[in-house]
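The values are calculated or read from the model by the stated rules, or taken from the named source; none is laboratory data. In this text, all values refer to a predicted model and were calculated from it rather than measured experimentally. Note that we place each Cβ from the backbone using ideal geometry, even for glycine, and neighbour counts take in every protein chain shown. Note: areas computed on protein heavy atoms with side chains; ligands, DNA, RNA excluded. Shrake-Rupley method; radii C 1.70, N 1.55, O 1.52, S 1.80 Å.
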Amino acid sequence: MIVLHIAPMRWGALSGLSVAIPNIVKTQNELNDVTAGLVGSVHSSEPQETPSFYWANGSSLSASDNVFRIADPLNRPDVVIFHSTYILQHARIARLLKQNGIPYIITPHGGLTEMAILSKRWKKRFGNWLFLSTLVNNAAAIHFLSDGEAADSTRWKRPSFVVGNGSEMPDASVLAEPGRGDSSHIIYLGRLSPFIKGLDLLVDACATVKTHLANGQVTIDIYGPNEGREGDVLGRQIRERGLEDVIRLRGPVFGPTKNEAFRSADVFVLTSRSEGHPIAALEAMAHGIPCFVTPGTRIGADIVNADAGWLAEPTIQGIAETLVRVLAEKPRWAEMGSNARQLAVREFSWETVAERTIAAYQRVLESRDRLP
């Protein structure tokens, strides 16, 4: 199978797409009888290191160039995978694909959920009318990353399948050791978006149980880029609640520094209102860290069923009550971290995800072949 991925690539950025897309292309390309490559759309950056798979930056090319003037055999793909939504260039390429009988699948990465559409509502309503509805309606299928994402995207009446994101599996020698010290270290990695990521709820919840956090010698390190000055808004909220000694904004981390942040953590927290399938939480589990999440992260059921962490209601009170429970269960953190690691190895390795996505693509293509 020849699979061409098209995505707005920001290589090295602290975002789920920047981690997920290169990894899925790489591991698909390593499978027998699969050739997978990646073309950048819109304002894609260049990778600092040459990837192990075919890559071309197509941001300055026309739609026809993106599909047909690239290396053989990717210039004649069996299927094209569009990553992300509301990208006009994808609609132009999709029109060309339709004309040439090449099927395509959309992986929206959470971009088709009701909450995502409510963000910048009027701009997206115009985008729906202009091109997105046609782009989706002509897709062979939609690839959702979780059952929750699929359930929140029901307005789009297309065939769909669910395969989640993955994570690299660090060596056992560098895993975290949750609960090992007298103090307690909680971390968050991701965008500093107070509303979408639920960081506003987390800060207010911490203010509610500030005494419990002080008694438990708890610090919460928040790692992420200050894009759009949202970090300034979050920092102001932290100061107004008098939590500067508890919650610390650390900026983004990458590579070995990121791995060290995971290794030093006791608990990973993600209180998002809406996600596709959060890479950072999967990485935390792969490092043997129990996770404290809300339903909007889409992985709460997996974590609870594996006894790998805690699920909180997405309210200030719900998060505050769960924080108190997390601290009370510190003697079990090591066991829960081990469960998290086992869950990640079993369900969320990139190799497993690659096999599942290729199998799903094959089912989509076979179902199209059966149509009259």
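Listed residues A214, A150; which is among the aliphatic types (A, V, I, L, M), assigned to a helix (DSSP H, G or I) and within 23 Å of R332 (Cβ to Cβ)? Steps first, answer last, please.
On the way: A150 fails: within 23 Å of R332 (Cβ to Cβ).
The conditions single out A214.
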Among the residues listed as F262, F292, the single one being surrounded by 15 or more Cβ atoms within 10 Å (Cβ to Cβ), touching a residue at least 60 places away in the same chain (Cβ under 8 Å) and either β-branched (V, I, T) or part of a helix (DSSP H, G or I) (or both)
F262
Filter region 194-210 for residues that are open to solvent by 10 Å² or more (accessible area, probe 1.4 Å) and within 25 Å of the chain's Cα centre (by Cα); which is nearest to L270 (Cα to Cα)?
K197
Write out, first by first residue and then by second, each pair whose Cβ atoms fall under 6 Å of each other, whose residues are 6+ apart or on separate chains, and whose first residue, in region 39-51, is modelled with pLDDT under 90 while the second is hydroxyl-bearing (S, T, Y) and part of a loop (DSSP other than H, G, I, E, B).
V42/S59; H43/S59; S44/S59
Looking at this structure, is A340 in contact with a strand residue (DSSP E or B) (Cβ under 7 Å, 6 or more places away or on another chain), crowded, with 21+ Cβ neighbours inside 10 Å and not β-branched (V, I, T)?
yes
Members of region 222-251 that are without any contact (Cβ under 8 Å) to a residue 12 or more places away in the chain and assigned to a helix (DSSP H, G or I):
G228, R229, D232, R236, R239, E240
Test for M9: is it surrounded by fewer than 23 Cβ atoms within 10 Å (Cβ to Cβ) and at pLDDT 85 or above:
no
